[in-house]
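The values are calculated or read from the model by the stated rules, or taken from the named source; none is laboratory data. Owing to the predicted nature of the structure, the values given are computational and were not obtained by experimental measurement. All Cβ positions, even for glycine, are placed from backbone atoms using ideal geometry, and neighbour counts span all protein chains on display. Side chains included, ligands, DNA and RNA excluded: accessible areas come from the protein's heavy atoms. Shrake-Rupley method; radii C 1.70, N 1.55, O 1.52, S 1.80 Å.
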Amino acid sequence: MAAPPGEYFSVGSQVSCRTCQEQRLQGELASKARTEKEEKLSQAYAISAGVSLEGQQLFQTIHKTIKDCKWQEKNIVVMEEVVIAPPYQVENCKGKEGSALSHVRKIVEKHFRDVESQKVMQRSQAQQTQKEAALSS
C-alpha cells in the first residue's frame, strides 16, 4: 500500500513517484543529448581534418559497436589499442596482436563487405529501372 504524498517510505520500498521518474528521465535526456553532441563534434572534426567519406563511414560503423573510438588527426583510434590509418582498410589496422585488434579487423571487414553488397544492390536496381524504362517506351 502506498503512503500519501509527502510521507517517507522505508528503505527498499518499491514506490514509483512522479518526481523520481522525471529526474530519471531528465538524466537520460541529458545523457542522450551529450552523446549526440559528442558524435556531431567528432563528425565535424573528421570533416575539418579532411577525412574521406569512407573513413567517416567506417568510424560511424565502428562507433556503433565500440563506443571507445576517436579521431587522432586522420587516424581512427579504437580502445586506445588499435589505430586505423588511411585508406582505412583491414591491412591499415595496427596494434598489439590480440582480441582487440582481431575484433576491430572483423568489424572493418564486415563494413566493407556490407558497403560492397550495397553498391551491387544499387547497381542492380538501377539496371532494373533502366530495363523497365526501355520496355515502357
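Out of the residues in segment 69-94 that are of a type in the set (A, V, I, L, M) and surrounded by fewer than 17 Cβ atoms within 10 Å (Cβ to Cβ), which is nearest to Ala49 (Cα to Cα)?
Ala85
Give just the number: which of (1) surrounded by 15 or more Cβ atoms within 10 Å (Cβ to Cβ); (2) without any contact (Cβ under 8 Å) to a residue 24 or more places away in the chain does Ala126 not satisfy?
That leaves (1) as the condition not met.
Among (1) modelled with pLDDT of 90 or more; (2) farther than 15 Å from Asp114 by Cα; (3) surrounded by 10 or more Cβ atoms within 10 Å (Cβ to Cβ), there is one condition Gly55 misses while meeting the rest; what is its number?
(2) is the only condition that Gly55 fails.
So which residues in segment 50-74 are assigned to a loop (DSSP other than H, G, I, E, B), farther than 12 Å from Ile107 by Cβ and of a type in the set (A, V, I, L, M), if there are any at all? Break it down stepwise before answering.
Start the filter on segment 50-74 by keeping residues that are assigned to a loop (DSSP other than H, G, I, E, B), which leaves 50-52, 66-68, 73-74.
Adding the requirement that they be farther than 12 Å from Ile107 by Cβ leaves 50-52, 67-68, 73-74.
The one that is assigned to a loop (DSSP other than H, G, I, E, B), farther than 12 Å from Ile107 by Cβ and of a type in the set (A, V, I, L, M): Val51.
As an exercise: evaluate Glu97 against (1) open to solvent by 70 Å² or more (accessible area, probe 1.4 Å); (2) on the phi > 0 side of the Ramachandran plot and give the number of the one condition it does not meet.
Single failed check for Glu97: (2).
Residues are listed down the side, and each one gets a yes or a no for (1) farther than 18 Å from Glu39 by Cα; (2) assigned to a helix (DSSP H, G or I); (3) at pLDDT below 95:
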residue: Ile76; (1), (2), (3): no, no, no
residue: Glu91; (1), (2), (3): yes, yes, no
residue: Glu97; (1), (2), (3): yes, no, yes
residue: Val104; (1), (2), (3): yes, yes, no
residue: Val108; (1), (2), (3): yes, yes, no
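Among all residue pairs at least 6 apart or on different chains, which show Cβ distances below 7 Å where the first residue, located in segment 46-68, is of a type in the set (Phe, Trp, Tyr) and the second is part of a helix (DSSP H, G or I)?
Phe59/Ala46
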